[in-house]
């Protein structure tokens with residue numbers, strides 16, 4: 001009986017963590033006035049995200065332009081917020097290996113890739129405002145080109 005009570009408490013505690021996790025689902029656009037780019041790269045002219053989030057799966061489609069002189073281009077990534085490693089397309093023919101996990105109500109995503117120009121890492125911290133209308137993504141990027149930090153503030157778009 002005591003064992004069942006302990007298991008029930010553990011289950012409820014774990015379930016409440018999952019239920020309390022922010023949901024990032026929706027369409028998002030960069031708020032350039034509130035965002036800042038670090039390092040040598042300016043903010044993209046366009047940065048839109050469509051996110052489908054059903055714990056533990058996070059699917060992200062990002063469309064951006066103005067990055068390194070490029071026209072619009074779209075990337076897709078899929079993460080597992082339970083700490084399982086995922087693999088997504090990277091730059092050129094590289095692959096990004098990523099681990100996403102919750103730290104309280106902050107989602108952290110740590111990614112790494114090897115490219116023809118060397119290895120690099122990206123550490124992201126995603127946080128959702130209390131009203132669910134603003135998503136802040138702080139990214140720390142490091143590689144042979146140096147290190148920089150960017151903050152993208154994204155506004156949720158009406159459905």
Item to check | Lone unmet requirement of (1) loosely packed, with under 15 Cβ neighbours inside 10 Å; (2) in contact with a strand residue (DSSP E or B) (Cβ under 9 Å, 6 or more places away or on another chain); (3) within 22 Å of residue 148 (Cβ to Cβ) for residue 42 | outcome: (2)
Checklist entry - Restricting attention to the stretch 97-114, which residues are surrounded by 15 or more Cβ atoms within 10 Å (Cβ to Cβ) and either in contact with a helix residue (DSSP H, G or I) (Cβ under 8 Å, 6 or more places away or on another chain) or modelled with pLDDT under 95 (or both)? => result 102, 113
Checklist entry - Do we find a residue being modelled with pLDDT under 55 and either farther than 26 Å from residue 79 by Cβ or in contact with a strand residue (DSSP E or B) (Cβ under 8 Å, 6 or more places away or on another chain) (or both) anywhere in the stretch 24-35? => result no
Item to check | Those residues of the stretch 57-82 which are touching a residue at least 12 places away in the same chain (Cβ under 8 Å) and over 13 Å from the mean Cα position of the chain (by Cα), in sequence order | outcome: 63, 64, 65, 66, 67, 68, 72, 74, 82
Item to check | Check on residue 89, surrounded by fewer than 14 Cβ atoms within 10 Å (Cβ to Cβ) and more than 18 Å from residue 36 (Cα to Cα) | outcome: yes
Next on the checklist: Being surrounded by 13 or more Cβ atoms within 10 Å (Cβ to Cβ) and more than 16 Å from the chain's Cα centre (by Cα) is the requirement here; does residue 94 meet it?
Outcome noted: yes
Checklist entry - When you scan the stretch 123-149, how many residues do you find that are within 17 Å of residue 77 (Cβ to Cβ) and at pLDDT below 95? => result 1
Item to check | Scope the stretch 72-117; condition over 19 Å from residue 50 (Cβ atoms) and outside any strand (DSSP E or B); matching residues | outcome: 90, 91, 92, 93, 94, 104, 105, 116, 117
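The values are calculated or read from the model by the stated rules, or taken from the named source; none is laboratory data. If you're wondering where the values come from, they're calculated on a predicted model, not measured in any experiment. With ideal geometry, Cβ positions are generated from the backbone for all residues, glycine too; neighbour counts draw on all protein chains shown.
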